[in-house]
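Working notes, beginning with the structure itself.
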Amino acid sequence: MSFKRRAWLTLGAVVLGGGGVVSYAVASPSSDGDAVGQAKRPVKVFSLALKGTAAGKRELPRTETQQFSLVGVTWTGVTRKLDGRAQVRTRSLETGEWSAWRDLEVDTDPLEDPEPGMRGASEPLWVGPSDGIEAQVLHEDGSAAALPPGLKTTLVDPGVVTNAEAKAAAAEPAGFVAEPAAFAADVTPSPTPTPTATATTPTPRPSTVPKPDIVSRAQWGADESLSPDPSEYNADVKAVFVHHTDGAPYECTDSAAIVRGIYAYHTTPVDKGGNGWNDIGYNFLVDKCGTIFEGRKGGVDLPVLGAHTYGWNRESAGVAVLGDYATAGASNAALASVARIAAWKLGQYNADPATTVQLKSGATQKNYMGTSYTAGTLYTFQRISAHRDGYNSECPGDGLYGQLPTIRAWASGPVQGLKVASVGGAALSGSTYYTKGAISVKWSATTPGSLIKSFDLLVDGKVAATVAGTATSASVTLPAGSHSVAVQAVHQSGKTTATAALTVVADTTAPVFTANPTLSLRTGTVNTTAVPVTLGWKATDDKALKETRLTSPQTAVFGPTWTANNRTSNSGTASTWSLTAYDVAGNYRTASAAYTPVILQETSAVKTGTWTARSSTSYLGGKSYSSGSKGASLSWTFTGRSASWVVSRASTSGQAYVYVDGVKVSTIDLKYSSTLYRQAIWTKTWSSSAKHTVKIVVVGTSGRPTITTDGLVYIK
């Protein structure tokens, strides 16, 4: 027999009006021992007749069945449409729970060259291992008269392949891909020899892109005795049509069984419960995990004439994604594999997957969107199109249909969404990265790595490192200086794209302290253990200073423009002040200096005139001197680099002159609205340490002549 079916599996969520048939069945072990859980069993196909009811439905009374995982509805008259709605629900073998009602796709592509005895059929629906079924078929207007006769439900158990078939798989010729581990248990080849091809078998052509891994018919367990006719071939492949298969959610370990079940549903002879067609219609099938299965026989690298999209099979190939995508989209893994197989097939004929092509219609019809086609006329299609673009079907569902632009972009290239994610070993300052030399550039892309040939790390426009298309980073050591760094992606098609260049400066020179840490006294409140000071420094870098860190005797981090910071220091204790300057690249230099703040009490001063001693815990050291005598003085002599005079202030406080090394330098007014104690009110700092004398003289201010002094602080 040589009947062929165009678009044999175009399941979608098409809901047709009308009434129907109901049936229910409970599984029990079959007479040949194919009980649930048996390790090895063959593919089995069997059918149950639907009976008419008074309500105009056709239904199947409850009956016991064997285990099955795929179901369809068939009827007498291959050219007759099932003008109605067919639904099934099944009982899970594992849980015993009944599923919701599911529609069967009955508005399928017509058969070409049908033969006597062939039956009309819905598309098969994968339901998972089940032991019970209920079905109903109802005509749109509720009548039974318009329903075709001989309605049956066909049930398929995809079975488990034998050890003998596994041995045959090991003898696959060179060029076939080893079976994925996920299918090792139940995806093995049929022992039946592959039919001899016709004398017009073409020669395989090389492709412009790599061939993806493909699970062969032998590996997924095709019984070739069910498809004895020789293969037919097209002249080329100008386009690829994308489909879906509908069905319940599945595990990827079930994918091979789904393919076997669909194959058995279509190819098992009519008298044994199947449709009696000559082969699977799709050239390839893809599961949600991205595994690609060989569909129609004849050689994956040849332009095999498929039966997938009515009117357009003579110049195309068909790829079906296992699952229902009426609303939700397919996984990225599935999309990537569809893109890979489409790119490879089109690449055999130098066709860019992102372009359009003129196809000659093989039938007069309308597509799903209502576009009319006339047989023998040329029409423009995308190189990667959907079933619904060529035929009146919802396939591949709205979800997957909306993803076709992504498939085209991934298949054609260049790589999409390429961007640098980070530059390890470098720090960003403004728009420039700084490094000591070694960097690791990380990137991301929306195009899957399976479609990318390689990534190049470009330095100053030249390739500095090349990594695989699945890689996400590359490393390089840059010589000193400024460089442009970019990532270039090479698509499997050879098309390239690159990120915008980044400026990366390789810097090995450490910052410089042009002024070492200095400590000077500042105004503020003085305690016997804490003296207010200002820490000063100056750090520069030949490229970019990042920060300066104080590491001793305290810790702090300062920005690159800071040159001073107010702090406190312990009096009477020598402290080493250490600063480390870092540039953006990570180079650093440390500078340190030791300083000791010393408190000179008022009693250590040389005094002239009248001074009165006062005692209070508020004073520095518990005591102070007061004087209202004009011209009374106190003087301290010390060797140091900074000094501050410590006093008390109040609303009645007077004024004092300050002399440094015999020279009057300032007049200080101690008057303040409130009372303050231990105030460093005047300070003086020199560039280096030396011997100095500081003298204060009472001015004798009218009405408030008194001043009270706590002492002098200096830094040595």
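The values are calculated or read from the model by the stated rules, or taken from the named source; none is laboratory data. Quantities reported herein were computed from a predicted structural model and do not represent experimental measurements. Glycine also receives a Cβ, built like all others from the backbone with ideal geometry; neighbour counts cover every protein chain displayed. For the accessible areas, the whole protein counts, side chains as well, though only heavy atoms, and no ligand, DNA or RNA atoms are used. Shrake-Rupley method; radii C 1.70, N 1.55, O 1.52, S 1.80 Å.
For the stretch 368-395, which residues satisfy the criterion of being touching a Gly at 6+ places or on another chain (Cβ under 7 Å), part of a loop (DSSP other than H, G, I, E, B) and farther than 22 Å from ALA328 by Cα?
ALA375, the sole residue that qualifies.
Suppose we keep only residues that are part of a loop (DSSP other than H, G, I, E, B) and at pLDDT 95 or above within the stretch 555-583. Which one would you say is farthest from the chain's Cα centre (by Cα)?
THR563
Specify the residue that is nearest to PRO210 (Cα to Cα); the eligible residues are those in the stretch 471-497 that are in contact with a Gly (Cβ under 6 Å, 6 or more places away or on another chain) and crowded, with 19+ Cβ neighbours inside 10 Å.
Only one residue tops the list, namely SER493.
Can you pull out every residue in the stretch 396-424 that is part of a helix (DSSP H, G or I) and hydrophobic (A, V, I, L, M, F, W, C)?
LEU400, LEU404, ILE407, ALA409, TRP410, ALA411, listed by residue number.
Just the residues that are surrounded by fewer than 24 Cβ atoms within 10 Å (Cβ to Cβ), of a type in the set (Ser, Thr, Tyr), farther than 13 Å from LYS288 by Cβ and out of contact with any Ser or Thr (no Cβ under 6 Å at 6 or more places or on another chain), please, taken from the stretch 219-265.
Correct list: SER231, TYR233.
Can ALA515 be described as assigned to a loop (DSSP other than H, G, I, E, B) and open to solvent by 20 Å² or more (accessible area, probe 1.4 Å)?
no
Could you list all residues from the stretch 383-433 that are among the small types (Gly, Ala, Ser), surrounded by 17 or more Cβ atoms within 10 Å (Cβ to Cβ) and under 30 Å from ASP542 (Cβ atoms)?
GLY425, ALA426, SER429
So which residues in the stretch 208-263 are farther than 18 Å from SER69 by Cα and small (Gly, Ala, Ser)?
SER216, ALA218, SER225, SER227, SER231, ALA235, ALA239, listed by residue number.
Are any residues in the stretch 90-121 acidic (Asp, Glu) and without any contact (Cβ under 8 Å) to a residue 60 or more places away in the chain, and if so, which ones?
Once the filter is applied, which keeps residues that are acidic (Asp, Glu) and without any contact (Cβ under 8 Å) to a residue 60 or more places away in the chain, the stretch 90-121 yields GLU94, GLU97.
Can you find, within the stretch 434-470, the residue that is nearest to the chain's Cα centre (by Cα) among those that are open to solvent by less than 40 Å² (accessible area, probe 1.4 Å) and of a type in the set (Ser, Thr, Tyr)?
THR447
For the stretch 481-510, name all the residues that are of a type in the set (Val, Ile, Thr) and within 30 Å of the chain's Cα centre (by Cα).
Within the stretch 481-510, VAL485, VAL487, VAL490, THR496, THR497, THR499, THR503, VAL504, VAL505 meet the criteria.
Filter the stretch 566-600 down to the residues that are among the hydrophobic types (A, V, I, L, M, F, W, C) and out of contact with any Lys or Arg (no Cβ under 8 Å at 6 or more places or on another chain), then identify the one that is surrounded by the most Cβ atoms within 10 Å (Cβ to Cβ).
TRP577
All but one of (1) more than 23 Å from ARG260 (Cα to Cα); (2) open to solvent by 10 Å² or more (accessible area, probe 1.4 Å) hold for TRP312; which doesn't?
(2)
If the Cβ limit is 6 Å and pairs must be 6+ apart or interchain, which residue in the stretch 210-222 that is more than 13 Å from ILE258 (Cα to Cα) and part of a loop (DSSP other than H, G, I, E, B) pairs with which residue that is of a type in the set (Asp, Glu) and modelled with pLDDT of 95 or more?
ILE214/GLU294; SER216/GLU294
Looking for whichever is open to solvent by 20 Å² or more (accessible area, probe 1.4 Å), part of a loop (DSSP other than H, G, I, E, B) and either among the aromatic types (Phe, Trp, Tyr) or modelled with pLDDT of 80 or more (or both) here; the options are GLY175, GLY117, GLY142, GLY96. Which one fits?
GLY96
Anything in the stretch 677-716 that is without any contact (Cβ under 8 Å) to a residue 60 or more places away in the chain, open to solvent by 20 Å² or more (accessible area, probe 1.4 Å) and aliphatic (A, V, I, L, M)? List them, or say none.
Across the stretch 677-716, the qualifying residue is only ALA690.
Looking only at the stretch 601-622, decide whether some residue is assigned to a strand (DSSP E or B), touching a residue at least 40 places away in the same chain (Cβ under 8 Å) and open to solvent by less than 30 Å² (accessible area, probe 1.4 Å).
no
Is it true that SER635 is surrounded by fewer than 18 Cβ atoms within 10 Å (Cβ to Cβ), among the hydroxyl-bearing types (Ser, Thr, Tyr) and assigned to a strand (DSSP E or B)?
Answer is yes for this residue.
Conditions (1) open to solvent by less than 20 Å² (accessible area, probe 1.4 Å); (2) more than 18 Å from SER450 (Cα to Cα); (3) of a type outside the set (Lys, Arg), marked per residue:
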position: GLY290; (1), (2), (3): yes, no, yes
position: HIS308; (1), (2), (3): yes, yes, yes
position: GLY347; (1), (2), (3): yes, no, yes
position: PRO353; (1), (2), (3): yes, no, yes
position: LEU359; (1), (2), (3): yes, yes, yes
position: SER372; (1), (2), (3): no, yes, yes
